[in-house]
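Asks: Quick one: the structure is below, and I'll ask about it shortly.
Every read-out reported here was derived from the displayed coordinates using simple, explicitly stated rules and does not represent laboratory data. Predicted model, so just to flag it, every value in this text is computed and none were measured. Every residue, glycine among them, receives a Cβ derived from its backbone with ideal geometry; neighbour counts consider all protein chains shown.
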There are 2 protein chains.
Amino acid sequence: MKITMAENFGFCFGVKRAIKIAENTPHATTYGPLIHNKKEIDRLWRTYDVSLGEDIETFKSGDTVIIRTHGIEKEDLNYLNQKGVVLVDATCPFVTKPQEIVEQMSNEGYDIVIFGDENHPEIKGVRSYAKGAVCVVQNIEDFGSKRLSNKIALIAQTTRKMENYQRIASHLIANYGEVRVFNTICNATFENQEATRKLAQSSDIVIVIGGKDSSNTRQLLYIAKEFCVESYLVEGLEDIDPLWFRGKKMCGITAGASTPQWIIEQIHTAISTLPTQS
Amino acid sequence: MKITMAENFGFCFGVKRAIKIAENTPHATTYGPLIHNKKEIDRLWRTYDVSLGEDIETFKSGDTVIIRTHGIEKEDLNYLNQKGVVLVDATCPFVTKPQEIVEQMSNEGYDIVIFGDENHPEIKGVRSYAKGAVCVVQNIEDFGSKRLSNKIALIAQTTRKMENYQRIASHLIANYGEVRVFNTICNATFENQEATRKLAQSSDIVIVIGGKDSSNTRQLLYIAKEFCVESYLVEGLEDIDPLWFRGKKMCGITAGASTPQWIIEQIHTAISTLPTQS
């Protein structure tokens with residue numbers, strides 16, 4: 001079986017930057033998971049004593065708190081500042097941008113539409129910057145019978161697929177007077193998705209390595225499955241089933257933007273030494 | 001043969017308004033055709049002595065000049081004002097709006113993209129309000145390798161089809177940072193198009209009545225042909241060929257936004273009294 005890596009995969013700029021920040025801030029605590037990869041978070045804790053705090057009430061004045069790549073809600077940011085916590089901001093700049101856009105457009109009187117998952121921390125953070133009406137949708141049906149104002153600012157979760165974003169934009173363009181569309185989809189996401197699409201077309205099995213709660217990783221799995229039915233999401237070695245590879249000729253490997261290189265290498269090695277190899 | 005009229009057809013708000021203005025301004029001259037319907041322009045001349053002037057140099061101080069529904073170029077407007085001409089503005093308010101948008105967006109530093117026909121008077125007028133870069137396209141291919149600035153304001157000729165506008169918008173959204181999309185497609189156009197679509201689906205011949213240089217009329221013909229191959233554009237009685245109707249069971253009739261009711265009635269009567277009727 002031949003193993004091929006996607007042309008683009010793994011760590012994006014924002015994740016690399018956040019990990020560097022965490023490594024440079026030993027003994028700090030991240031408010032929520034720094035990135036959506038448990039194994040890397042575990043490594044930061046073991047190697048740099050960077051711990052994970054989920055409850056905002058546990059932080060005390062003088063504590064050093066790292067803000068996760070996905071950003072946090074504006075109210076939480078203000079609360080932590082009031083508490084006198086030392087804040088280190090590891091929010092990805094590509095997430096800070098939609099936060100700023102939402103705040104500014106809201107101030108200018110635009111209703112805000114966000115294409116994304118309202119339960120994802122990035123979107124919880126971004127939407128918290130809206131002052132007026134804000135609507136989070138995953139598809140056109142989510143608008144239901146809701147009527148917005150005639151001036152709309154539209155942004156997307158950084159990890160979304162462009163085709164789906166265009167569909168939301170088209171719907172709004174036909175129904176409202178002005179739609180101000182900001183391309184907030186991350187380029188790294190886009191490149192990983194394109195590379196996965198290409199890879200899946202020439203593979204009979206695709207392994208997508210990444211956290212199961214990582215939005216961009218799940219998007220890669222979704223794209224891979226469009227072209228290669230046998231596509232699997234694995235977080236670590238324990239998820240691999242050797243039976244998957246039986247009779248396969250071409251295994252494609254890709255990885256989400258929050259998947260560290262050391263996990264990718266572990267899995268690559270494990271697959272290439274499987275007894276079922278031919 | 002049964003004859004069915006489209007649910008919406010004929011004069012739009014802007015055309016009605018312009019004709020009223022012309023009727024209320026006898027002995028004036030329009031700079032260019034008031035609307036794209038030669039027969040109605042002829043009626044205004046015969047009944048109200050409203051004449052047609054094509055050459056801006058022929059206008060003198062004190063002349064009363066009517067600005068056509070499609071609007072005129074900003075430079076021409078300034079020139080006529082300088083000349084001391086008495087201007088009566090019959091520009092459709094739905095055309096004035098994109099003129100204002102282009103001027104304002106240009107002032108705010110946006111590159112302008114116009115979806116429309118660069119040779120149509122409406123678009124010549126609208127584009128003249130741009131100060132910076134402006135690009136007029138009929139389809140995505142027209143962009144070629146041209147690269148615009150990262151902030152784009154997009155407007156459409158009032159008579160364009162929404163699906164095609166959405167396609168242009170989608171292309172820009174994927175390639176630029178901010179695309180500010182204004183829905184400048186006229187509602188009357190949209191309603192006439194929808195009604196034509198419905199009509200054509202249940203007809204075996206469609207007659208589209210209107211001027212051959214009328215953009216919205218040609219769009220209706222285009223839509224009719226999608227669903228009914230035997231669709232014909234007629235300006236007046238002289239264009240009708242009785243052979244078209246031989247063996248037909250259902251004739252749909254629609255008319256462009258600049259087609260007066262009296263022509264529609266003439267043609268309806270002519271078709272319903274054709275000897276080939278059954």
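Asks: From the phi of every residue in segment B:98-107, what ³J(HN,Hα) in whole Hz does the Karplus formula 6.51 cos²θ - 1.76 cosθ + 1.60 yield, where θ is phi - 60° and glycine or proline is x?
Replies: For segment B:98-107, the Karplus curve yields x, 4, 5, 4, 4, 4, 5, 5, 4, 4 Hz.
Asks: Restricting things to Cα coordinates, could you compute the convex hull volume per residue of segment B:122-184 in Å³?
Replies: Given the Cα convex hull of segment B:122-184, per-residue volume reads 85 Å³.
Asks: Still on this model: In sequence order, what are the phi-derived ³J(HN,Hα) couplings for segment A:128-139 according to the Karplus relation 6.51 cos²θ - 1.76 cosθ + 1.60 with θ = phi - 60°, rounded to whole Hz, with x for glycine and proline?
Replies: Once θ is set to phi - 60°, the couplings for segment A:128-139 become 5, 8, 7, 9, x, 5, 9, 9, 9, 10, 9, 7 Hz.
Asks: Starting from 0 in steps of 5 Å, tell me what percent of the Cα-Cα pairs of segment B:1-94 lands in each bin.
Replies: Each 5 Å bin holds this share of Cα pairs: 3, 14, 25, 22, 16, 9, 5, 3, 2, 1, 1, 0.
Asks: Take the alpha carbon atoms of segment B:197-278, find their radius of gyration, then divide it by 2.2 N^0.38 Å using N residues; give the quotient.
Replies: 1.00
Asks: How shielded is A:111-120 by partner chains, expressed as the average number of their Cβ atoms within 10 Å of its Cβ atoms?
Replies: Whole-number average of other-chain Cβ neighbours for A:111-120 is 0.
Asks: If you don't mind, there's one more thing I want to ask. Based on the mean of other beta carbon atoms within 10 Å per residue, what is the order of A:187-194, A:231-238, B:150-157, most packed first?
Replies: B:150-157, A:187-194, A:231-238
Asks: On alpha-carbon atoms, Rg over Rh for chain A using Kirkwood Rh?
Replies: Checking Rg against Rh, the ratio lands at 1.02.
Asks: Where the convex hull is taken over the Cα atoms of segment B:44-133, what is its projected area averaged over directions, in nm²?
Replies: Over all viewing directions, segment B:44-133 projects a mean Cα-hull area of 6.6 nm².
Asks: Which of A:VAL126, A:VAL65, B:LEU80 sits closest to the plus end of the dipole of the protein assembly as shown, meaning its Cα is farthest towards the positive end, when Lys and Arg get +1 and Asp and Glu get -1 on the C-beta?
Replies: A:VAL126
Asks: Another question, if that's okay. Out of segment B:23-107, which trypsin sites (Lys or Arg not before Pro) are coil in DSSP terms and have no more than 14 other C-beta atoms within 10 Å?
Replies: Counting only loop positions with at most 14 other Cβ atoms within 10 Å, the trypsin sites (Lys or Arg not before Pro) in segment B:23-107 are B:LYS60.
Asks: With every atom except the alpha carbons ignored, what do you get for Rg and Dmax of segment B:120-232, in angstroms?
Replies: Rg, Dmax (Cα atoms, Å): 16.1, 49.
Asks: If you take the square roots of the eigenvalues of the alpha-carbon gyration tensor of segment A:218-264 and sort them as a ≥ b ≥ c, do you get rounded (a/c under 1.5), prolate (a/b over b/c) or oblate?
Replies: Judged from the Cα gyration tensor, segment A:218-264 comes out oblate (a/c at least 1.5, b/c at or above a/b).
Asks: Moving on to the next point. Return the long-range amide H neighbours of A:ILE66 (sequence gap of 5 or more, or a different chain), with a cut-off of under 5 Å between placed amide H atoms.
Replies: Under 5 Å from the amide H of A:ILE66: A:THR29, A:THR30, A:TYR31, A:VAL88.
Asks: Sequence-distant or interchain residues sharing an amide H contact under 5 Å with A:ILE205, placed H: which?
Replies: A:MET250, A:GLY252
Asks: Just add up the charged neighbours of B:ARG246: K/R +1, D/E -1, any other residue whose Cβ is under 12 Å from the Cβ of B:ARG246.
Replies: -1
Asks: Other chains' Cβ within 10 Å of B:168-181 residues: what's the mean?
Replies: Averaged over the peptide's residues, the number is 6.
Asks: Between segment A:43-71 and segment B:161-230, what is the C-alpha centre distance in whole Å?
Replies: 56
Asks: Right, something else. Tally Lys/Arg at +1 and Asp/Glu at -1 over every other residue whose Cβ is under 10 Å from the Cβ of A:LEU34; what's the total?
Replies: Neighbourhood net charge equals 0.
Asks: To the nearest whole number, what is the average tally of beta carbon atoms from other chains within 10 Å of the beta carbons of peptide B:183-189?
Replies: 2
Asks: Would you pull out the residues with amide H under 5 Å of B:LEU233's amide H, same chain only if 5 or more places away, H placed 1.01 Å from N?
Replies: HN-HN under 5 Å from B:LEU233: B:VAL208.
Asks: Along Cα→Cβ at 7 Å, what distances in nm separate the B:PRO275 label point from those on the other copies, shortest first?
Replies: Spelled out, the distances from B:PRO275's label point are 9.4 nm.
Asks: Expressed as a rounded percentage, what relative contact order does segment B:55-158 have, with Cα pairs under 8 Å and six or more residues apart?
Replies: 29
Asks: Okay, moving on. In percent, what relative contact order does segment A:1-67 have, based on Cα pairs under 8 Å that are 6 or more apart in sequence?
Replies: Reported relative contact order: 36 percent.
Asks: Output needed: percent of Cα pairs per 10 Å distance bin for segment B:1-46, bins running from 0 to the one holding the longest distance.
Replies: Per 10 Å bin, starting at 0, the Cα pair percentages come out as 22, 48, 18, 10, 2.
Asks: Using helices alone, what [θ] at 222 nm do you get for chain B, with -39,500 (n - 2.57) per DSSP H run of 4 or more residues, divided over all residues and rounded to the nearest 500?
Replies: -12000 deg cm²/dmol
Asks: Follow-up question, since we're still on this one. Which value in Å is the Kirkwood Rh of segment A:88-136 over different Cα pairs?
Replies: For segment A:88-136, inverting the mean 1/r across all distinct Cα pairs yields 10.9 Å.
Asks: I would also like to ask the following. From the C-alpha gyration tensor of the protein assembly as shown, pull out the three semi-axes of the equivalent ellipsoid (sqrt of 5λ each), sorted largest to smallest, in whole Å.
Replies: Value: 59, 30, 18 Å, ordered largest first.
Asks: Now for a separate question. What is the sum of charges, Lys and Arg at +1 and Asp and Glu at -1, for the other residues whose Cβ falls under 12 Å from the Cβ of B:ALA6?
Replies: Spelling it out: positives minus negatives among the neighbours equals -1.
Asks: Write out the GluC sites (Glu not before Pro) in segment B:17-121 meeting two conditions: DSSP loop, and at most 15 other Cβ atoms within 10 Å of their Cβ.
Replies: B:GLU54, B:GLU108, B:GLU118
Asks: What list do you get for A:THR96, B:THR91 if you sort them by fewest beta carbons within 10 Å?
Replies: In order of increasing Cβ crowding within 10 Å: A:THR96, B:THR91.
Asks: For B:LYS20, go through the lysines and keep the ones whose alpha-carbon is under 25 Å away, minus same-chain ones fewer than eight residues off.
Replies: B:LYS38, B:LYS39, B:LYS60, B:LYS74, B:LYS97, B:LYS124, B:LYS212
Asks: Which entries of A:LYS161/A:LYS225; A:LYS16/A:LYS161; B:LYS83/B:LYS131 have Cα-Cα distances beyond 18 Å here?
Replies: A:LYS16/A:LYS161; B:LYS83/B:LYS131
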